[in-house]
Amino acid sequence: MWTIFWGILIVAAVADVLGLLLWYACSWPRSQVLGPALVRGPADGKRIALTFDDGPSPPYTGQVLDILQAHKVRATFFVCGKDVEQHPETLRRIYSDGHTIGNHTWAHPYLYFLGRTEIAEEIDRTQSAIYQATGFKPRLFRPPYGGRWFGLYPALRKRGMRLVQWSVSGDDWKLEAHAIVTAVRAGLRPGAVILLHDGRQKPGGFLRRFLRKSTRAMGSRDQHLQIHPPAMTAAETVKALPAIIDTARAMGYEFVSVEDFASTR
Ligand SMILES: [Zn+2]
């Protein structure tokens, strides 16, 4: 009797630890367990990189570009293929303004439980959409929600691509402009990679299918969309951006493309 009890307890404990390890490996933004992730640039000097995810998304992307242009700041945009297809002209402006373009998958799915073919498709469809619009082939990739899964790193290696995470988040999907500025300022260090968003995405892939099924079973149709409610639009990011730039410059920081970090490490 006691043997069974202890057996169950040990199995449960081992499962918990394994689950925790898996969560850390795949979901912790700075984890390097599954493969290398660029989290920040060199700590020497005072260079920092602004990154914008989830666009191109008019009118916000254009407004972000106007501010960057007025302040002579270079940034990096991790774009979704499905939105590139909708707004190729916005992507062309990102490119012609001298910013770096990175791949942020086609449909913004959680990569968890996706097969190798599905992951490769998310990358390749987006690479071709970006290439078709600009003639540029990104070398940087950022997974949606920072989530990684088996099969992602081999796919990136095969394509000569580098995975980029972030060291400071503006939490701009949930904060108002002044709080975004505070969050970014608090995380500024030499080599910081700052995460902001010029658009909004809903979860796709496995989690979306799973949530859709489970919420249907509960008799509610669109509730699955509420797990990531677009509480704040990218208008708050646009509002916060001039103050972020001014604050960082007043602290002596210089803005570079995240690609400058990727080539030095
Ligand atoms: Zn994203």
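The values are calculated or read from the model by the stated rules, or taken from the named source; none is laboratory data. The model shown is predicted, which means the values in this text are computed figures rather than measured ones. With ideal geometry, Cβ positions are generated from the backbone for all residues, glycine too; neighbour counts draw on all protein chains shown. Keep in mind that these areas ignore ligands, DNA and RNA; they rest on the heavy atoms of the full protein, side chains included. Shrake-Rupley method; radii C 1.70, N 1.55, O 1.52, S 1.80 Å.
Extension gain Glu176-Thr247, at 0.36 nm per residue separation less the Cα-Cα distance, in nm?
Taking 0.36 nm per residue and subtracting the Cα distance, the gain is 23.9 nm.
From the C-alpha coordinates alone, can you work out the Kirkwood hydrodynamic radius of region 1-96, in Å?
17.6 Å
Under a 10 Å cutoff between Cα atoms, tell me which one of Trp23, Trp106, Trp173 has the largest fluctuation in the Gaussian network model of the chain.
Trp23
Roughly what would the spin-label model give for Phe113 and Trp2, points 7 Å off Cα along C-beta, in nm?
Each label point lies 7 Å from its Cα, and together they span 4.0 nm.
Need one number: nm distance between label points at Asp44 and Asp97, each 7 Å from Cα along Cα→Cβ, rounded to one decimal.
That separation, rounded to one decimal, is 3.2 nm.
Considering lysine pairs in the chain that are 8 or more places apart or on different chains, how many have Cα atoms under 29 Å apart?
22
Kindly point out which whole DSSP H helices in the chain project their C-alpha atoms 30 angstrom or further along the helix axis while averaging a Kyte-Doolittle hydropathy of 0.0 or above.
Membrane-span-like by this rule: 2-27.
Considering only protein heavy atoms, what per residue accessible area in square angstrom results for the chain with a 1.4 angstrom probe?
49 Å²
Work out the P(r) tail for the chain: percent of alpha carbon pairs separated by more than 28 Å, whole number.
Result for the distance tail: 37 percent.
Charges only on Cβ, +1 for Lys and Arg, -1 for Asp and Glu: so what's the dipole of the chain about the Cα centre, in debye to the nearest 20?
Dipole magnitude for the chain comes out near 520 debye.
Given the options Ala15, Ala75, Ala248, state which has the largest fluctuation in a GNM of the chain using a 10 Å cut-off (strictly under) for Cα springs.
Largest GNM mean-square fluctuation: Ala15.
If you stretched the chain out fully between Trp23 and Lys202, how much longer would it get, using 0.36 nm times the residue separation minus the C-alpha to C-alpha distance?
Contour length minus the Cα-Cα distance gives 62.3 nm.
For Gln32, put the label point 7 Å out on the Cα→Cβ axis and report which residues of region 171-195 keep their amide N under 18 Å from it.
Flagged as within label range: 190-193.
Using 0.36 nm per residue of separation minus the Cα-Cα distance, give me the extension gain between Lys72 and Lys137 in nm, one decimal.
Between Lys72 and Lys137, full extension yields 21.0 nm more.
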